[in-house]
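Worksheet: one structure, shown below.
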């Protein structure tokens, strides 16, 4: 017989051997003999979660990537039209050339009902296209107004400058926006930021807030903000400053001898301040600044548009030429060649206000220039992105207008006029 003490010793050894074999919570993983794991829970780390944010989808880029070259070139042109209604030429310019927008003048406007019908017709004709239209107008108030005769006119900027009240200028911007938006316009070529420094100037005059750079800046920016808050895109003009000219650019090419130092200390001040206050669109003047670019007017000048406006003033918005059918251009250049030069200089939109043939030749020449490599596709994409981004920001649509309440708007204009009389 086995000694009883020996038997007890054997049994105790066996018990100790099996004491670490439990399969309950906290047991070791088979084959894991690390002494640091004894008596601890399973410490195997779970797979890492991807906490990075998903890439944001840019709706503007998505839309642009689907566009044809024809559509892109069309977006880079705003055109005018003849008469009071949409005709065959206008339908062609919309349906075949897919233009980005229209500008209306007094010759297109007879009364409120006609104006509403015309804008509605432009938008309805464009519904086959993916991108809605800019419907634009020069509505500065005062001497430059395109509104139907049923509306009371607002004071000009010279009179507003004498009052020199920022809150009042903001209200002026707001009522300008309300007037034109009631007809379906979504872009206003205003306010004027030119400083009226030359008494011989034949084109600016009472359209300017005055001869003081600070007053022009303050009141111009307030008007711009009023237009923006009214849901309309303001286009500040006429960069780099049309106030010291002695020739009307509608007739010929003005020439100015001011150098860059002078511009920065005077003419550019209102534009610089407007850009710092979120100006979204700038119109470029047809002015030859001899000491800055002796060969090209501002509207065709890479130095003025890309180097000064874009790089030095840090403007990232939409740049629009003044009308390419003005004497400053057509008396000195072929309009199609000027259009190519303006785009290569940095302009995003070429404005062609008069003449169906002019509009067609500009669009077709821009397209051929891209196909030939004279204008790079990257240059086109830069402009189209800015244009679509601005349309997206303002939620531009081709929705038509059902009714214009002339009496209601006139009542608000009268309140503005009453306040103006008190401030004078």
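The values are calculated or read from the model by the stated rules, or taken from the named source; none is laboratory data. Note that the structure is predicted; figures quoted are calculated from it, not measured. For neighbour counting, all protein chains shown are included, and Cβ atoms are generated from backbone atoms with ideal geometry for every residue, glycine included.
Annotations for the structure displayed:
- Within region 67-105, considering residues that are out of contact with any helix residue (DSSP H, G or I) (no Cβ under 9 Å at 6 or more places or on another chain) and in contact (Cβ under 8 Å) with a residue 24 or more places away in the chain, the one nearest to residue 384 (Cα to Cα): 78
- The set of residues in region 363-382 being farther than 15 Å from residue 70 by Cβ and in a helix (DSSP H, G or I) consists of 372, 378, 379, 382.
- Flag for residue 137 being at pLDDT 95 or above and buried (at least 23 other Cβ atoms within 10 Å of the Cβ): yes
- Apart from one condition, residue 378 fits all of (1) within 26 Å of the chain's Cα centre (by Cα); (2) surrounded by 11 or more Cβ atoms within 10 Å (Cβ to Cβ); the exception is (2).
- Residue satisfying all of: in region 386-408; in contact with a helix residue (DSSP H, G or I) (Cβ under 6 Å, 6 or more places away or on another chain) and part of a helix (DSSP H, G or I); farthest from residue 316 (Cα to Cα) among these: 406
- In this entry, residue 263 passes the filter for residues that are under 23 Å from residue 234 (Cβ atoms), at pLDDT below 95 and out of contact with any helix residue (DSSP H, G or I) (no Cβ under 7 Å at 6 or more places or on another chain).
- Scanning region 309-337 for residues that are under 22 Å from residue 362 (Cα atoms) and in a helix (DSSP H, G or I) yields 327, 328, 329, 330, 335, 336, 337.
- Matching residues, region 346-362, being over 16 Å from residue 107 (Cβ atoms) and in a loop (DSSP other than H, G, I, E, B): 346, 347, 348
- Of the set (1) part of a loop (DSSP other than H, G, I, E, B); (2) modelled with pLDDT of 95 or more; (3) at negative phi, all apply to residue 342 but (1).
- Any hit, region 323-336, residues being surrounded by fewer than 19 Cβ atoms within 10 Å (Cβ to Cβ), under 17 Å from the mean Cα position of the chain (by Cα) and free of Cβ contacts under 8 Å to residues at least 60 places away in the same chain: no
- Filter result (touching a residue at least 60 places away in the same chain (Cβ under 8 Å) and either farther than 27 Å from residue 187 by Cα or not in a helix (DSSP H, G or I) (or both)) within region 250-308: 250, 251, 252, 253, 254, 266, 267, 280, 281, 283, 284
- Close pairs from region 134-152: first on the phi > 0 side of the Ramachandran plot and in contact (Cβ under 8 Å) with a residue 12 or more places away in the chain, partner surrounded by 17 or more Cβ atoms within 10 Å (Cβ to Cβ) and part of a loop (DSSP other than H, G, I, E, B), Cβ under 8 Å, at least 6 apart: 141/154; 141/155; 141/156; 141/190; 142/154; 142/155; 142/156
- Members of region 213-239 found to be outside any helix (DSSP H, G or I), farther than 16 Å from residue 393 by Cα and in contact with a helix residue (DSSP H, G or I) (Cβ under 8 Å, 6 or more places away or on another chain), listed by number: 236, 239
- Those residues of region 135-153 which are in contact with a strand residue (DSSP E or B) (Cβ under 9 Å, 6 or more places away or on another chain) and outside any loop (DSSP other than H, G, I, E, B), in sequence order: 135, 136, 137, 144
- Looking only at region 190-221, and only at residues there that are more than 16 Å from residue 268 (Cα to Cα) and crowded, with 24+ Cβ neighbours inside 10 Å, the one that is modelled with the lowest pLDDT: 207
- Test: residue in region 154-161 that is out of contact with any helix residue (DSSP H, G or I) (no Cβ under 8 Å at 6 or more places or on another chain), closer than 26 Å to residue 221 by Cα and not in a helix (DSSP H, G or I): no
- In region 357-368 there is no residue that is within 20 Å of residue 270 (Cα to Cα), in contact (Cβ under 8 Å) with a residue 24 or more places away in the chain, more than 21 Å from the chain's Cα centre (by Cα) and surrounded by 23 or more Cβ atoms within 10 Å (Cβ to Cβ).
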